[in-house]
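Asker: Here you go, one structure.
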Amino acid sequence: ARHLLGIEHLAPEEIRAVLDLAEKYVELNQRTIKHADALQGMTQINMFFEPSTRTQASFELAGKRLGADVMNMGVQHSSVKKGETLIDTALTLNAMQPDLLVVRHPASGAVDLLAQKVKCSVLNAGDGRHEHPTQALLDALTIRRAKGRIQRLTVAICGDIAHSRVARSNLILLGKMENRIRLVGPPTLMPSGVSELGCEVHEDMKAGLEGADVVMMLRLQKERMDGGFIPSEREYYHRYGLDAEKLAAAKADAIVMHPGPMNRGVEIDGEIADDINRSVIQDQVEMGVAVRMACMDLLARNLRAERGRQAAGVM
Ligand code: CP
């Protein structure tokens, strides 16, 4: 494929191929000299229409470590502020001949739409509530390294499922790899129809965490609650915040994950987040750079092959 728009388009063997290549980049990233040449001479543009720390920084580092010329488009200072549409902005950038476009946008489906209008590879860095594919892939790599496998695990995804593209992409990926998935949270933050997806749904945190191998916590995404029900943080922490007492329901060697940004004292206790024996939150960040390097490397190979076929008049 030319684009990475969602986990829904990936087969299990493609997911494994990303994780296997990412392992090589984990090793490269731990060296003092971190350069590879998979994107040498290529141009990468990052367009983030929503705030980001981890995803933007890691895509930028990933591109630079692979030898690309990387440009971060400052959306706040661009003509988007003067009313230019997403598509016109994309067509303008397309005319500058980029090879990779990394896009985060608040509207679900916006990145797919944009991908239809440009000639380069497009990577979805999160679109609305829809998908955040590189997050699910970095989570899968983190789990595989901690547990030695990415199948037959019991994974509890907890909190604001309804507004979470991270939950959706993880649900799809973990389902494709044949894991047992539990969604845990208040009914008001649970999307409709989830039980039809083959996962268990729990309102009670301890019941949801019982025997889990992986506990994945999510942030309350107030920016997507559209003025609807927003729980009181105190009440929420009491019932759904991950603390030592609730974590005791999971397996003794269960790992704790959080995609970030994290709200300590709301969805997770700070001591749990910092407990290096349980928390793999910093590993997730480290895996993020390697996974994004692997994704861009694989897409660049496909793009070169496609352009080669076009040049030879095969297509
Ligand atoms: N997990 C994640 O997407 O974090 P950022 O919003 O900081 O990129």
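The values are calculated or read from the model by the stated rules, or taken from the named source; none is laboratory data. None of these values were measured; they are calculated from a predicted model. Here the Cβ positions follow ideal geometry from the backbone for every residue, glycine too, while neighbour counts run over all protein chains shown. Please note that ligands, DNA and RNA were not included when accessible areas were found on the heavy atoms of the full protein model with its side chains. Shrake-Rupley method; radii C 1.70, N 1.55, O 1.52, S 1.80 Å.
Asker: I'd like to verify a number: residues in the range 180-197 that are open to solvent by 70 Å² or more (accessible area, probe 1.4 Å) and either closer than 24 Å to Glu13 by Cα or part of a helix (DSSP H, G or I) (or both), how many?
Answerer: Number satisfying all stated conditions: 6.
Asker: Which of the residues spanning the range 280-297 are in contact (Cβ under 8 Å) with a residue 40 or more places away in the chain and surrounded by fewer than 19 Cβ atoms within 10 Å (Cβ to Cβ)?
Answerer: Correct list: Val285, Glu286.
Asker: Val118 - would you say it is in contact with a helix residue (DSSP H, G or I) (Cβ under 9 Å, 6 or more places away or on another chain), surrounded by 15 or more Cβ atoms within 10 Å (Cβ to Cβ) and under 30 Å from Gln221 (Cα atoms)?
Answerer: No; evaluated as a whole, the condition is false for this residue.
Asker: Using beta carbons and a limit of 8 Å, which pairs, at least six apart or on different chains, have the first residue in the range 236-265 and basic (Lys, Arg) and the second one modelled with pLDDT under 95?
Answerer: Listed pairs, sorted by first residue: Arg239/Pro186.
Asker: At least 3 residues that are acidic (Asp, Glu) in each: list the helices (runs of 4 or more DSSP H) lying fully within the range 243-315 that qualify.
Answerer: The helices (runs of 4 or more DSSP H) meeting that bar are 281-311.
Asker: Go through (1) at pLDDT 95 or above; (2) open to solvent by 10 Å² or more (accessible area, probe 1.4 Å) for Thr55 and report which single condition fails.
Answerer: (2)
Asker: Hey, another quick one. Could you check the range 49-75 and list, in sequence order, the residues that are within 16 Å of the ligand (Cβ to nearest atom) and part of a helix (DSSP H, G or I)?
Answerer: Result: Arg54, Thr55, Gln56, Ala57, Ser58, Phe59, Glu60, Leu61, Ala62, Gly63, Val75.
Asker: Name the helices (runs of 4 or more DSSP H) wholly inside the range 79-179 in which the number of residues that are more than 16 Å from the ligand (Cβ to nearest atom) and over 30 Å from Glu27 (Cβ atoms) is 2 or more.
Answerer: 86-94, 110-115
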